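The values are calculated or read from the model by the stated rules, or taken from the named source; none is laboratory data. Keep in mind the model is a prediction, meaning the values are calculated, not measured. What goes into the accessible areas is simple: the full protein's heavy atoms, side chains included, and nothing from ligands, DNA or RNA. Shrake-Rupley method; radii C 1.70, N 1.55, O 1.52, S 1.80 Å.
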Amino acid sequence: MDAATDKLHAILRERRDGEVLVVTGAGVSAESGVPTFRGKEGYWTVGAREYQPMELATLASFRRHRREVWRWYLYRRGVCRKAAPNPGHAALARLEEGLGDRFHLATQNVDGLHLRAGNSMERTYQIHGNIDFMRAAEGRGRALYPIPEHIQLADRDAPLTDEDYAALVTPAGEPARPHVLWFDEYYEEELYRSDSAMTAACRCDLLIIAGTSGAAALPHHVAAEAARARAAILNIDPTENPFGEFAQSRPDGLWLQGTCGRWLPPIVDALLA
């Protein structure tokens with residue numbers, strides 16, 4: 001074995017009896033064929049103008065272009081629903097089964113693939129929401145409702161019918177919105193369990209950051225809290241990123257260059273051995 005592999009095995013042996021927090025990003029789902037949010041599939045045309053994700057995925061845009069924003073998310077939901085969990089997802093489901101309450105998962109992905117792989121709602125903190133759900137568009141309502149199954153968009157150019165658009169309401173008849181965290185909104189515990197993720201970071205003995213570039217703020221705060229708690233930190237990503245640099249700067253940290261599907265299964269095997 002090389003020095004990096006030796007160090008990985010030593011970290012896993014030392015930390016496998018403690019609490020484990022895994023933070024996942026788009027790289028995990030990309031291996032299932034889900035396009036990254038900022039890739040070419042993220043752009044959307046409204047009228048004669050092409051909108052970038054950072055412009056369209058906002059509460060302000062939803063209020064101006066409610067039907068088009070819904071159509072965009074319903075199309076993205078269809079892409080996610082066609083995807084299947086990959087070996088990385090399956091490994092994390094096994095890890096939760098083996099560790100129970102010592103396992104925590106904070107995911108930036110809204111595709112629901114972790115839940116479909118077998119991770120529980122209780123221990124999965126969907127910090128950016130879940131594209132399968134909707135909630136009241138205005139007011140203080142926080143209840144989540146599944147998007148009706150019959151509302152499907154076959155492709156980018158498929159229309160959102162008047163009948164389907166009218167069905168995007170809460171049981172009380174209020175207009176609904178996708179249950180996602182938009183760029184002009186803030187993390188909060190009740191909807192996104194952001195405080196739970198931070199609490200898990202403060203208590204964890206091992207932090208695994210898998211497939212995230214670091215574009216969102218919360219994973220950086222999680223990494224900082226885990227470091228203050230003296231957790232070992234593993235970063236899994238095929239390309240250089242801030243978390244890889246951060247992990248490598250620590251004596252008990254490591255950047256594992258490669259995909260989540262390559263690294264998560266053997267890491268989980270070692271933690272459950």
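General observations
- Cα coordinate range in the chain, projected on the principal axes (Å, largest first): 60, 33, 28
- Close amide-amide hydrogen proximity is noted between LEU153 and GLY78, each under 5 Å apart and 5 or more residues distant or on a separate chain (H modeled in the peptide plane; Pro and chain starts excluded).
- Heavy atoms of the protein chains alone define the surface here; on that basis the stretch 179-273 has 43 Å² accessible area per residue at 1.4 Å probe size.
- Along its principal axes, the stretch 180-242 has C-alpha extents of 30, 28, 13 angstrom, given from the largest down.
- Apportionment of accessible area to carbon and sulfur, the chain, percent (1.4 Å): 51
- Largest-first ordering by accessible area, 1.4 Å probe, given options GLU185, GLU149: GLU149, GLU185
- Our summary gives the stretch 11-158 a relative contact order of 25 percent, counting only alpha carbon pairs under 8 angstrom and 6 or more residues apart.
- Long-range HN-HN contacts of GLU19 with modeled amide H, under 5 Å: ASP205, LEU206
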